Amino acid sequence: MNATALAVGLCLASAVTYAAAAVAQERLARAAVARSARALLGSGAWWWSAGLNAAAALLHAAALRYGPLTLVQPLGALTLVAAVPLGARGAGRRVAATEWRGTFATVAGLGLLLLPASGPAPDDTLTLAEALAVSGATAAVILMLTAAKDPRSGLRHATASGLASAAASALTQTVAVAAGRGGALLSLRVVAVALLVVVFAVGGMLLSQRAYRGGLGAPLAVVNLANPLAAAAIGMVLLGERLQGGAVGMLLAAAGAVAAARGVLLLTRTPPGAAQTPATATPATPGSLAPPVPTAAAPPGTSVPPGTPVPPGMAVAPGTPVAPVAPIGRVAA
């Protein structure tokens, strides 16, 4: 088995494991367990999802040992493909036709992306200065995305999670390649980069947990788009990675990106029947009377213009002519 095939196999295993962890995290967020760090730490289900994330991260790190960032990171979108049927099964429903179309479009797009991205096994690594620069820039962007206290900031947190995961992947590749060379595993650079990997990996998991409060599909899609784009930028700018095949390779990559983006957008749509009717909405039946609308009584002595309808219970100035209120149920002829 060559290095590219091994990297792809490890990516597939990592994607399925990440998908299982994402579904578990989304259930916790929907059940309001993830409202505080204390609640998360006291939840056995959250520790189970954290263990799945850790196992997926190890598989992903192994894939980065044998494949470049431009190959490994796009395959992370398969997490969304695996999460769709897992989430539907957990919710007790069938996968919608729109979700299947999105799955096939995503797989086709990833297939096109694999052709020009299937380069040789990585050999270059980040220097300590480059690793610190990547970490600092990523942390600054994450802070900007998450600074606003907006309850509807799920997609911003998802973007931040994708950026954190991309930085962790780029840093992980440095550790994995250095470890494969032997003799450099305990160097200052490798140890410092490994600590940064832990920080960004844990931060990415917590950010995604926050993002899943608004559902699974859209936040997970944003994570899986931001992650490979940021990682590919790091690989091309700092690690000298390039797409293969020249102009043809670029066209294939562009077509694959468009198809994958279309698939991800389809996968973010709410499937038919998944939306729940709010518990406070009570359907009206024919012949039933609507409940009375409470009205605030005006202070004694309040006057109104002549002819103005006044609801029952509102006090007006004595002698002020007012129009009677039409009985409920009477309509104009």
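What follows is calculated from the coordinates using simple rules that are stated; it is not laboratory data. These figures come from a predicted structure and were not determined experimentally. Methodologically, a virtual Cβ is constructed for each residue, glycine included, from the backbone with ideal geometry; neighbour enumeration extends over all protein chains shown.
Structure above, values below:
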item: Global size of region 1-114 as Cα Rg and Dmax, reported in angstrom; result: 15.6, 46
item: Pair Val191, Ala39: separation of 7 Å Cα→Cβ label points (nm); result: 4.0
item: Cα-only Debye scattering, region 126-173: base-10 log of I(q)/I(0) at q = 0.14, 0.19 Å⁻¹; result: -0.37, -0.60
item: Ordering of 52-63, 213-224 by packing [mean C-beta count within 10 Å, highest first]; result: 213-224, 52-63
